[in-house]
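> So that we are looking at the same thing, I have put the structure below in structure tokens.
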Amino acid sequence: MNSTLPTRNPRTGVIDHPMPVADAAEVATVAARLRAAQPAWAARPAADRLAVLAAFADALLAGQPALVEVLSHDTGRRHESALEVLGVVGTIRRWLDDAPALLADEPQRRSRTPHILIEQHRRPYGVAGVISPWNFPLLLSLIDAIPALVAGCAVLIKPSEATPRFVPVLRDVVATVPGLAEVLALVTGAGSTGEALVRNVDVLCFTGSVKTGRRVALLAAEAFVPAHLELGGKDPAIVCDDADLQRAARALAWGSMGSAGQSCMSIERCYVQRRVHDAFVERLAAEVRALQPNWPDIAQGQIGPIIAAVQVPTVRRHLEEALAQGATAVTGGRVVERGGGLWCEPTVLTGTTQAMAVVAEESFAAILPVMPFDDDEHAIALANDSDFGLSACVFSRDLDRARAIAARLQAGAVSINDAALTAMVYDAAKQSFKRSGLGGSRMGTASLQRFYRQQAFLINDGTPSPWWYGKATPTDN
Ligand code: NAD
């Protein structure tokens, strides 16, 4: 019999949910069932597959109240949970718009080599594996699953062990869509279930920490499957002296404190040109002070609890070390307990340095250290002084200046005159730089290419090839 793992409720701190753990045998069984069903799924006309996904979008909307309820228990927040469901529906609908053109047969064409016709075909991988983190449990479980299904793969998902409550509800939603459960399945468990998944899939999409991503990349290499890794970040913001400071402050308050900073695209470092540093900090602090915890009423306020207990020691260490080493908390500065849950107070820090853990390591919390820079060269050097390279943002009224800075930032997406736009802009391709990831773009239509291999038919429709060295024609013998 399979075991269970206890799951903690982030609002109450109470262990209130036993999560079933799929062992290696169960993962292999589910993967084998999906692999058996996949060829028929891939053989269906693209329009049929898209019709199933359209029905899935409708089913998610119909199931939204139940999903939001259970995601609220998983993450301790309601507003973001509602947005998660709508985000997935939007993702499906975007693929429904884009897929017909992307999946259309390519016309046969002549090669530059004489007498050869080329036919290009897409061959989807059998089972695409998805391993997801706890910060957006539903969205990050489905963001790669949707294009994989569009391409003709079956999909096996393993969500985070910190947020598994939504899984049975999502399975119920999937079951209402004819034909979907055959090719879309979820298993629950922790690292060992994830490892079993890697060993049983044909292509992998992993979202999580750099540490686990490294381990997963090694496992995928052993299993000889391609792995697309979306990992951690420490996104910098650069605020130039000609920026609209109020606009920057508002955008960065959202970009750093939204989802209580528990977002891979959160702004976690802010560099402000020295001349406007103090004026900017004043405006930013005013915006951040207005943010309230979503407690005791989950429907009120903007800041949810720290979702995963494993993150709490990191958040505390970053704050305590920074303050002990001379930083000032202009707002917040502590992790506080409310009703058994733990909240990071929305925190703006000044007096931080590149050497402090709160600037060098991913905090994944509502913390924004703000530091001055002298000129653009200095700002670029500070922003690039990081192991991470997920996203970044630049604020300047001079778009040419902003572009020149952006071009030199080692980051996959650079928002200009706004923050963390990858949270809502899904149709621009971007890849991770440095340790923030490996593999193809998750965003944009290019992301579909991760789920199939190109097969070429090379048809000789003219004279035989000149492969018979030393002989005039192959029929000479
Ligand atoms: P994590 O790496 O601890 O876990 C991620 C997933 O990996 C979980 O489902 C976990 O069970 C699984 N896992 C753990 N060990 C495994 C193993 N040995 N083999 C296979 N799977 C294993 O990450 P987390 O704490 O859940 O999530 C937070 C991290 O995710 C942060 O670093 C954040 O920046 C990152 N993240 C990145 C993106 C992005 O798009 N780049 C998006 C969201 C979150």
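Each reported figure results from applying straightforward, stated rules to the coordinates on display, with no laboratory input. Predicted model only: the values in this text are computed from it and were never measured. Cβ atoms come from the backbone with ideal geometry, glycine included; neighbour counts cover every protein chain shown.
> What nm distance separates the two modelled labels at ALA446 and VAL310, each placed 7 Å from Cα along Cα→Cβ?
Simple spin-label model gives 3.1 nm for this pair.
> Net charge within 15 Å of VAL14 by Cβ-Cβ distance, Lys/Arg positive one each and Asp/Glu negative one each, not counting VAL14 itself?
+1
> If you take the beta carbon distance between PHE224 and GLU320 as r and set R0 to 41 Å, what does 1/(1 + (r/R0)^6) give as a FRET efficiency, to the nearest 0.05?
E between PHE224 and GLU320, to the nearest 0.05, is 0.40.
> Charges at C-beta only: +1 for Lys and Arg, -1 for Asp and Glu. How large is the resulting dipole of segment 235-423 about its Cα centre, in Debye rounded to 20?
Using only the charged Cβ atoms, the result is roughly 380 debye.
> Can you sort THR352, THR328, THR113 by how many other beta carbons sit within 10 Å, fewest first?
Taking fewest neighbouring Cβ atoms as first place, the list is THR113, THR328, THR352.
> Please label the shape of the chain as rounded, prolate or oblate, based on the square roots a ≥ b ≥ c of the eigenvalues of the alpha-carbon gyration tensor (a/c under 1.5 means rounded; beyond that, a/b larger than b/c means prolate, else oblate).
In terms of gyration-tensor shape, oblate.
> Ranked highest first by the average count of other Cβ atoms within 10 Å around their residues, in what order do 290-301, 97-108 fall?
Going by the mean number of other Cβ atoms within 10 Å, highest first, we get 290-301, 97-108.
> Work out the length of the dipole vector of the chain about its Cα centre, built from +1 on the beta-carbon of each Lys and Arg and -1 on the beta-carbon of each Asp and Glu, and round it to the nearest 20 debye.
For this selection, approximately 680 debye.
> Can you list the aspartates and glutamates whose alpha carbon is less than 15 Å from that of LYS211, not counting same-chain residues fewer than 8 positions off?
Cross-link targets: GLU195, GLU230, GLU361, GLU362, ASP387.
> Further question on the same structure: Counting Lys and Arg as +1 and Asp and Glu as -1, each charge on the Cβ, what is the dipole of segment 346-442 about the Cα centre in debye, to the nearest 20?
340
> Also: How much length, in nm to one decimal, is gained on full extension between ARG334 and LYS211, taken as 0.36 nm per residue of separation minus their Cα-Cα distance?
41.7 nm
> To continue, here is another question. What is the calculated FRET efficiency for ARG94 to ILE416, with r their C-beta to C-beta distance and R₀ = 25 Å, to the nearest 0.05?
0.65
> Nearest-5 percent of antiparallel DSSP beta bridges in the chain?
About 45 percent, rounded to the nearest 5.
> By how many nm would the segment from ALA428 to ILE116 lengthen if fully extended, with 0.36 nm per residue of separation less the alpha-carbon distance?
108.8 nm
> If I stretch the segment between ARG247 and GLN108 completely, what's the gain in nm (0.36 nm per residue apart, minus their alpha carbon distance), one decimal?
That pair, ARG247 and GLN108, stretches by 44.9 nm at full extension.
> Could you put LYS158, LYS434, LYS234, LYS211 in order, starting from the residue whose Cβ has the fewest other Cβ atoms within 10 Å?
Exposure proxy ranking, most exposed first: LYS211, LYS434, LYS234, LYS158.
> Provide GLU345, GLU320 in ascending order of the number of other Cβ atoms located within 10 Å of each residue's Cβ, fewest first.
Ranking GLU345, GLU320 by Cβ neighbours within 10 Å, fewest first, gives GLU320, GLU345.
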